[in-house]
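The values are calculated or read from the model by the stated rules, or taken from the named source; none is laboratory data. Everything quoted here is computed from the prediction, not taken from an experiment. Methodologically, a virtual Cβ is constructed for each residue, glycine included, from the backbone with ideal geometry; neighbour enumeration extends over all protein chains shown. Keep in mind that these areas ignore ligands, DNA and RNA; they rest on the heavy atoms of the full protein, side chains included. Shrake-Rupley method; radii C 1.70, N 1.55, O 1.52, S 1.80 Å.
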Amino acid sequence: MAIPAQFLDELTARCDIADVVADYVPLQRKGGRLWGLCPFHGEKTPSFSVSPDRQMYYCFGCHKGGGVISFIMEIENLTFPDAVRMLAQRAGMEMPEEGEDDDFRRKRKRLLALNKEAARFFHAQLFTPACTAGARYLFETRGLSRGTVTRFGLGAVPDGWDNLIRAMADQGYEKRDLLDAGLAVRGQNGRIYDRFRNRVMFPIIDLRGDVIGFGGRVLGDGTPKYLNSPDTVIYNKSRNLFALNLARKSKLGRIILTEGYMDTISLHQAGFDCAVASLGTALTPDHAQLLARYTKEAVIAYDGDGPGVSAAQRAIPMLEKTGLKVRVLRMKGAKDPDEFIKKYGHDAFQRLLEQSENHVEYRLGRILDQYDLKDDAQKVEFLQAAVELVASLPSPVEREVYGARCAEMAGITAEAMNQEVRHTRLRQVRRAKKRQERKDLTPAVQLQPGTREMRYANVRSARAEEGILRLVLLDHTLFQKLSELTPEQFSSPILGRTFGLLKEHWKDGRTISLPALTGELTPEEMNHLAGILNQPENLANSETALRDYIEIVETEHTIQAGNGSGEDPLMAIREKYQEKKRYGG
Ligand SMILES: [Zn+2]
């Protein structure tokens, strides 16, 4: 995507990050920074900071960070070009005309249009003789109304290798487009055929109403039973939720989280228009944050079987972290919400919803399930597990209430329970503190990026590489000393690439800042780099520090690369630096 560099430079110069963030988060000045409650994770004491001098934000709690464009992308859930557009409007700047070379945007547009046509095709198929099986499944087996099928744009596709390919060719789309949209696949023999065959089709619609992907359930015994679009330039499964486009307009004041699209659709049909589902993936932290933007309360309504229970256990802390109130539905007499509604109807589900347990009750119930309290030995084990859980609750009131309940269940006095909880809590707090201290003292661990793809292969070199980035961002003139250092010498690909980009900016006389690179880095990379920049760096001895950093990077690179000349590469490089130091090179 090509938004001219000059335009971005002017935009970031005109949109002061402190002003922009202040529209979302009340900030208070303390030291050289502004502080506020992080909008990206739930917290009671501020760990979200804005540095006006670096034009960056960083949260010490959830480690999100970046510049003004990243902030808008994150908080408004926008793509890079859309975030730029929004800021441009705010700054009263005219967006540059869509250039000839704007391939990316045109591609996106084309794929969205293709998906829309495909959804229309699938929907129309439902009412043709070729798809009676699909129609029967939705209307009869699942009992969906005509209105529900239209509301969700459901469809079907008959058996065959190229039903969609041929239909879309009539609309002017090539096989290449279908491949890019994830609607077709290339076989081992090179032949291209429809990804979805003999299936009922569920379009996935984003918050703007665009069809970004599909889920398909097989008709008959084929495998896999459920098939979803792969991630494409328009679809990212860990950032989109099925039916959130509808649920966010619900007046019910909560969002119900289900495991599959059929559960979500039957809940909507029964009047619970606040249901959503994650598609082809377990709930991710991104999903949790997305939900937290539209509701205060999430109700987990997963299947009652083993996998459903463990998925719920994993989802609870993720949702809690975003500050959402989390409740868990315990289905009785049915395996999933769809079956429950069919068997017992709307009112029964409403009652279930009202009785849904908060997450503490839910977790306590799971512990209780594991032990037979009539057996003394098991009773002791139950108490141990219950004490660990109760002690971990942050609120003293909760500890009191649930502690008393556990005591009653196990037939011991509330005081005895209380004492156990207090001891365990002290131990937990001490353990957490120690763990934190150990972490703070281990720079190698602390410095490792969170995402596996970015993991440092050579921590010693990577620390020096981080130092170089910190220094040049604080003092751009230092680039003059860096003419010999190349991105290829960096051990970390992400740090090397960032260095290369900044160096180009410097050569072209453009803005040198991390925010200016927003469009060229992923949000995860931006978070990591913002974290690096937040570590202290002293400019007083910047030239010496820089020289040391360069030496480490070059030495490590030479060792890594080896040297075929027979001469000891380490000796050679050491001599080079001794000479430089002697003559002040
Ligand atoms: Zn945060």
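Working carefully through the options Leu111, Leu37, find the one that is among the aliphatic types (A, V, I, L, M) and either away from the ligand (no atom under 11 Å from the Cβ) or touching a Leu at 6+ places or on another chain (Cβ under 9 Å) (or both).
Leu111
The rows are residues; the columns are (1) under 24 Å from the mean Cα position of the chain (by Cα); (2) within 20 Å of Glu525 (Cβ to Cβ).
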position: Pro4; (1), (2): no, no
position: Pro46; (1), (2): yes, no
position: Pro52; (1), (2): no, no
position: Val68; (1), (2): yes, yes
position: Phe71; (1), (2): yes, yes
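Answer yes if at least one residue in region 53-61 is within 30 Å of Arg105 (Cα to Cα), within 16 Å of the ligand (Cβ to nearest atom) and assigned to a helix (DSSP H, G or I), and no otherwise. Within region 53-61, not a single residue is within 30 Å of Arg105 (Cα to Cα), within 16 Å of the ligand (Cβ to nearest atom) and assigned to a helix (DSSP H, G or I). Taking region 280-329 as the range and being among the basic types (Lys, Arg) and not in a helix (DSSP H, G or I) as the test, the residues that pass are Lys296, Lys325, Arg327.
If you go through region 249-275 and keep only what is assigned to a strand (DSSP E or B) and either open to solvent by 20 Å² or more (accessible area, probe 1.4 Å) or out of contact with any Cys (no Cβ under 6 Å at 6 or more places or on another chain) (or both), you end up with Leu257, Thr258, Ala275. Among the residues of region 135-166, the one identified as surrounded by 14 or more Cβ atoms within 10 Å (Cβ to Cβ), under 32 Å from the mean Cα position of the chain (by Cα) and of a type in the set (S, T, N, Q) is Thr148. Within region 63-85, restricting attention to residues that are open to solvent by less than 40 Å² (accessible area, probe 1.4 Å) and within 11 Å of the ligand (Cβ to nearest atom), the residue that is nearest to Thr498 (Cα to Cα) is Gly65. Checked against the criterion of being under 30 Å from Ala292 (Cβ atoms), hydroxyl-bearing (Ser, Thr, Tyr) and touching a Leu at 6+ places or on another chain (Cβ under 9 Å), the candidates Thr148, Thr79 yield just one match: Thr148. Annotation: Gly345 fulfils all but one of (1) on the phi > 0 side of the Ramachandran plot; (2) without any contact (Cβ under 8 Å) to a residue 40 or more places away in the chain; the unmet one is (2).
When you look at Pro4, is it exposed (fewer than 15 other Cβ atoms within 10 Å of the Cβ) and touching a Pro at 6+ places or on another chain (Cβ under 6 Å), yes or no?
yes
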